[in-house]
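The values are calculated or read from the model by the stated rules, or taken from the named source; none is laboratory data. Keep in mind the model is a prediction, meaning the values are calculated, not measured. Backbone-built Cβ (ideal geometry, glycine too); neighbour counts: all protein chains shown. Each accessible area value is taken on the protein alone, full model and side chains, heavy atoms only, with ligands, DNA and RNA left out. Shrake-Rupley method; radii C 1.70, N 1.55, O 1.52, S 1.80 Å.
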Amino acid sequence: MAEQYMVGVLGGVIASLLGFVFLYRNSLIRFRGLRKLNRAASMDFPKRNSVNKTGKSEGVGTTDIIIVGAGVAGAALAYSLGKDGRQVRVIERDLNAPNRMAGESLTPGGYLKLIELGLEDCVDEIDAQQLLGYTLYKDGKEARVSFPLEKFQSHVAGRTFHNGRFIQRLRKKVASLHNVSLEQGTVTSLIEENGIVKGVHYKNGSGKLLTTYAPLTIVCDGCFSNLRRSLCYPKVDIPSNFVGLTLTNCNLPKENYGAIILANPSPIVFYQISSTEIRCMVNVPSEKLPSVSNGEMACYLKTQVLPELYDSFISAIEKKGNIRIAPNKIMAAAPHLTPGALLIGDALNMRHAITGGGMTVALSDVVILRDLLRPLHDLSDASPISKYLESFYTLRKPMSSTINILANVLQKIFSASSNPAMENLQHTFLGYLRLGGMFSYGASAMLCGLCPSPLSLAFHFFSIAIYGVGRLLLPFPSPRRLWDGAKLLWVASSILLPYIYSEGIRQMFFPLTVPAYYRTPPENKDKKNFMH
């Protein structure tokens with residue numbers, strides 16, 4: 001153990017030096033080319049086929065802000081803006097409780113954001129379960145990842161629950177505000193005049209086409225957004241699907257801890273969603289997804305996946321209608337600056353669901369946007385306000401990029417056990433966590449949203465890689481071990497670097513060099529002075 005600890009410490013020191021060299025080199029190489037790349041990307045944006053400049057519909061008035069979507073991001077934002085005194089109209093396609101597997105895990109970092117927004121009571125009275133960490137299992141060995149919660153009060157922890165119950169609690173809070181209108185309807189298009197979004201066309205519950213106007217429209221209609229092409233350049237990747245089951249009459253090995261089994265061929269995630277139910281999520285690559293209807297999926301789960309909770313797992317498979325499939329979508333944020341409109345939530349940015357960080361990113365976005373909007377008493381001057389709100393996309397990077405990259409990298413490492421280099425990475429990751437101290441706590445702090453730091457992410461990733469090389473070279477290096485170590489470093493870098501590039505090197509590591517990092521709020525037309 002002492003030998004492993006020394007390797008870990010040495011790896012950390014070397015990793016910090018290598019990480020600095022890597023970041024400095026890449027910033028020099030790409031700094032000059034960033035403007036050119038961004039200019040080229042803006043030229044490739046698709047035509048705004050979801051923007052409707054004409055059409056007949058019945059007007060329903062003007063409000064301060066229109067919010068499209070009342071999921072986690074939309075409902076939380078509507079409540080926070082309503083509490084600030086804004087007149088808000090929220091349009092949600094379906095106000096019934098969602099019945100979905102996604103959005104069932106809230107990290108401690110996300111819970112702290114709920115507290116900031118005054119929404120922490122939304123996890124009460126829904127049979128939510130505290131989540132204190134995860135236990136990872138691989139080939140009979142385990143590594144426990146506990147969230148670093150010692151400095152917080154006892155109620156601060158992760159939560160797992162039924163997504164629909166949580167959403168309805170959020171919507172109930174929204175409906176309690178007299179200055180917020182929550183209505184069911186499907187937004188069909190944005191209304192644009194002279195390049196500025198003025199409002200939306202939507203169909204209400206009875207199918208009647210209506211029009212509403214506002215100086216600012218915020219789109220957060222989820223992963224299946226039909227408006228995002230108007231506001232960003234989406235590139236969606238679906239590397240895998242989660243095949244979900246609900247297990248009953250069983251307990252997880254460690255109370256209040258989820259379980260991640262690094263099985264062959266796919267990782268399996270377990271967490272409690274109520275006092276009597278456990279969610280099981282089996283990660284299946286998209287190209288290998290068997291059919292549910294003809295029984296291939298049930299056969300696949302029985303023969304290929306053998307978790308510890310075997311009896312309950314088999315019972316869940318045999319229960320009719322219990323197998324559900326949810327695609328794991330990955331989409332880096334690529335916003336297009338549009339006066340009068342803003343894009344947030346899963347409509348803007350998605351990551352693999354294996355770490356359950358999506359709601360934490362969404363709630364962090366809501367806090368940032370609320371704070372940016374607070375000094376703006378007048379939203380009518382769309383162009384300067386749009387320029388000012390551009391800083392939102394940089395200010396969100398510490399939380400979003402840390403959780404996004406960690407989730408996307410881990411799903412790749414955990415899902416490739418047939419590759420010897422990936423197998424080494426899996427064992428290395430578990431060994432690194434077993435070192436404890438700053439190694440385990442540092443990784444878990446990023447995982448749970450308590451340490452949203454891209455530099456910390458880069459440090460720990462290179463520390464893990466170098467720790468893995470040290471394991472391979474001990475007790476003494478040989479040509480074969482040197483070759484295996486080089487392959488491990490190459491594979492680790494080839495996984496990490498593309499995700500860093502897609503998130504934006506400059507925005508992640510050098511945000512102060514981004515002009516939009518901070519801008520003074522636009523001048524108030526009434527007071528003719530700057531608001532701070």
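List the residues, sorted by chain then number, that are 5 or more residues from L343 or on another chain and whose placed amide H is less than 5 Å from its amide H.
Sorted by chain and number, the residues that satisfy this are V219.
Could you check the simple spin-label distance between D311 and E523, using points 7 Å along Cα→Cβ, in nm with one decimal?
Computed distance between label sites D311 and E523 equals 7.6 nm.
Using alpha carbons only, what's the Rg to Rh ratio of segment 444-485 with Rh from Kirkwood?
With Rh from the inverse mean 1/r over Cα pairs, Rg/Rh is 1.21.
What spacing in nm lies between the two simple spin-label points modelled at K141 and A326, each 7 Å away from Cα in the Cβ direction?
Reported label-point gap for K141 and A326 is 3.1 nm.
Taking a 1.4 Å probe, which of K235, K83 shows the most accessible area, and what order do the others take after it?
Reading off the accessible areas and sorting them downward yields K235, K83.
Using the structure shown, list the pairs from K208/K387; K288/K319; K138/K302; K235/K319 with a Cα-Cα distance above 25 Å, or answer none.
K208/K387; K235/K319
Highest mean first, how do 360-367, 227-234 rank when packing is the count of other Cβ atoms within 10 Å averaged over residues?
Highest to lowest by the protection proxy: 360-367, 227-234.
I'm spelling it out carefully: the read-out is mean projected area of the Cα convex hull in nm², the candidates are [x] 30.9; [y] 24.3; [z] 26.4, and one was derived from this structure. Which label?
Correct label is [z].
Could you work out how much longer the chain between E193 and K83 gets when fully extended? Use 0.36 nm per residue separation minus the Cα distance between them, nm to one decimal.
Fully extending the segment from E193 to K83 adds 36.6 nm.
Per-residue ellipticity at 222 nm for the chain, helices alone: DSSP H runs ≥ 4 residues times -39500 (n - 2.57), over residue total, nearest 500 deg cm²/dmol?
-13000 deg cm²/dmol
With a 1.4 Å probe and all protein chains left in place, how much accessible area per residue does segment 397-511 have, in Å²?
For segment 397-511, the solvent-accessible area averages 37 Å² per residue.
Please give the FRET efficiency for S456 paired with L512, using the beta carbon to beta carbon distance and R0 = 25 Å, rounded to the nearest 0.05.
Between S456 and L512 the formula returns 0.90.
For segment 397-511, which whole-number percentage of the solvent-accessible area (1.4 Å probe, protein heavy atoms only) is attributable to carbon and sulfur atoms?
Taking all protein chains in place, segment 397-511 shows 69 percent carbon and sulfur surface.
Once amide H atoms are placed 1.01 Å from N in the peptide plane, what residues at a sequence separation of 5 or more from V292, or on another chain, have their amide H within under 5 Å of its amide H?
Long-range HN contacts for V292: M297.
Which aspartates and glutamates does K141 reach when only Cα atoms under 17 Å apart count, and residues fewer than 8 places away in its own chain are ignored?
Here the aspartates and glutamates satisfying the reach criterion relative to K141 are E308, E423.
If you find the alpha carbon centre of segment 113-162 and of segment 63-85, how far apart are they in angstrom?
Result: 26 Å between the Cα centres.
What part of the accessible area of segment 232-282, given as a whole %, is carbon or sulfur when the probe is 1.4 angstrom?
42
Let me know the shape class of segment 117-174, please: from the alpha-carbon gyration tensor, a ≥ b ≥ c as square roots of the eigenvalues, rounded when a/c is under 1.5, otherwise prolate if a/b is greater than b/c, or oblate.
Oblate is the answer for segment 117-174, as a/c is 1.5 or above yet b/c matches or exceeds a/b.
So for each of 350-357, 509-516 I average, over its residues, the number of other beta carbons within 10 Å; can you give me the resulting order with the highest mean first?
Taking the mean over residues of other Cβ atoms within 10 Å, the ranking is 350-357, 509-516.
Provide the gained length on full extension for the span S206 to E318, in nm with one decimal, where the gain is 0.36 nm per separating residue minus the Cα-Cα distance.
Gain on extension, S206 to E318, equals 36.4 nm.
Run the reach check for K83 against aspartates and glutamates, Cα to Cα strictly under 14 Å, same-chain hits fewer than 8 apart removed. What comes back?
D64, E116, D371
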